[in-house]
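This report refers to the structure that appears directly beneath it.
The values are calculated or read from the model by the stated rules, or taken from the named source; none is laboratory data. Model, not experiment: these values are computed from the prediction. Cβ coordinates were reconstructed from backbone atoms using ideal geometry, including for glycine residues, and neighbour counts include every protein chain displayed. Keep in mind that these areas ignore ligands, DNA and RNA; they rest on the heavy atoms of the full protein, side chains included. Shrake-Rupley method; radii C 1.70, N 1.55, O 1.52, S 1.80 Å.
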Amino acid sequence: MDKVMSNKKIIALYVMPALLLILAIVYIPIVLTGYYGLNKWNGIGALTFIGLDNYQALIKDQTFWNSAWHSLQLAVFSTLSLVIYLAIAMVLAARIKGANLFRKIYLIPMLLSSVAIAQLWLRIYHPTNGIVNSLLESIGIANPPAWLAEPSLVLFALFIPILWQYAGFYILIYYAALKNIPTSLEEAAKIDGASALQIAWKIKLPLAMEVIKVTIVLAVVGSLKYFDLIFVMTDGGPNGSSEVMASYMYHQAFRAYDFGYGSAIGFFLLVICLVITWVIRKLTATKDSIQYS
């Protein structure tokens, strides 16, 4: 009994530094953010407790709900893009010719910072010297649009580099999940007469479903709190057309110097992410089954 207690103390001793670190950089900031959201504060002076006034103002703030709508569009786009990533991963897992080279290429965006990617795509979208408009002009399209200056196009223009930025991350996850599927199952299905499409749909997808669920949560939550590339490329413009919740929080806290309201936005964003994660987990809770007949 004493040996068991001694082992528990040793385990607790090793785990304690990590727990203290998580407490310091995750849970304490969350509590402080919620507390600051109950105050009027410019980030320097004394806090003035105002209760739920910031949250009431948030509910009535049309600019915030516009930014939430933009974040939701990004979340939907990111979730749909998972289908493309999964298809690419399936092709790579099938050992096609040139797969080794492509596996190296798709990881390149993961090596670049968001700022570097944003600067690259700013040049690609340049209205006069960019590659996109130069190609459009070469095929006879006169006066191509300024992609990042058109309110109706800017979100779509931002979605493309975001898709490219995270392609390697999700393809790598799906590729690892698919390669972890026992080859004996696929061989048995082939013997039973299953086609490649049936194997993919009835065997590979169900066995990779737990990983897919995780990536859906990552894509949705990551989109709702996405900030850096949009901040560098458009700063929420033009006229708020690409403003997302995270950038609106930044503008309120660090430009309007309303840290109380910015904290309320941040805490509200956290609650939204937790609720959506719970909903996704509930909606995707299914029984495992493999059937290709």
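When the residues of the range 76-134 are filtered to those that are assigned to a helix (DSSP H, G or I), modelled with pLDDT under 90 and over 23 Å from Glu186 (Cβ atoms), the one that is least open to solvent (accessible area, probe 1.4 Å) is Pro109.
If the condition is being closer than 16 Å to Phe159 by Cα and of a type in the set (Ser, Thr, Tyr), then the range 106-131 contributes Ser114, Tyr125.
Kindly evaluate Ile199 against the criterion of being part of a helix (DSSP H, G or I), touching an Asp or Glu at 6+ places or on another chain (Cβ under 9 Å) and over 18 Å from Phe102 (Cβ atoms). Spell out how you get there, then give the answer.
Numbers: part of a helix (DSSP H, G or I): yes; touching an Asp or Glu at 6+ places or on another chain (Cβ under 9 Å): yes; over 18 Å from Phe102 (Cβ atoms): yes.
The answer is yes for Ile199.
All told, Glu186 meets the bar of being without any contact (Cβ under 8 Å) to a residue 24 or more places away in the chain, surrounded by 12 or more Cβ atoms within 10 Å (Cβ to Cβ) and under 20 Å from Leu92 (Cβ atoms).
Among the residues in the range 154-168, are any among the polar types (S, T, N, Q) and within 23 Å of Val211 (Cα to Cα)?
Here is the first cut: in the range 154-168, the ones among the polar types (S, T, N, Q) are 165.
Add one more test, that the residue is within 23 Å of Val211 (Cα to Cα), and what stays is 165.
Looking for residues that are among the polar types (S, T, N, Q) and within 23 Å of Val211 (Cα to Cα), one finds at least one in the range 154-168, hence yes.
Given the structure, is Asp228 surrounded by fewer than 16 Cβ atoms within 10 Å (Cβ to Cβ), in contact (Cβ under 8 Å) with a residue 40 or more places away in the chain and over 28 Å from Gly168 (Cβ atoms)? Taking the combined requirement at face value, the residue does not satisfy it.
Of the listed requirements (1) over 17 Å from the mean Cα position of the chain (by Cα); (2) surrounded by fewer than 15 Cβ atoms within 10 Å (Cβ to Cβ), Trp69 misses just one: (1). Inspect all residues belonging to the range 207-222 and state whether any of them is among the hydroxyl-bearing types (Ser, Thr, Tyr) and open to solvent by 20 Å² or more (accessible area, probe 1.4 Å). No, that holds for no residue.
With a requirement of 2 or more residues that are among the basic types (Lys, Arg), the helices (runs of 4 or more DSSP H) lying completely within the range 207-293 that satisfy it span 259-283. Can you say whether Leu38 is at pLDDT below 95 and surrounded by 11 or more Cβ atoms within 10 Å (Cβ to Cβ), as far as the supplied structure shows? No: the conditions fail for Leu38.
The residue list Leu58, Leu47 contains one member that is within 22 Å of Phe254 (Cα to Cα), among the aliphatic types (A, V, I, L, M) and in contact with a strand residue (DSSP E or B) (Cβ under 8 Å, 6 or more places away or on another chain), which is Leu47.
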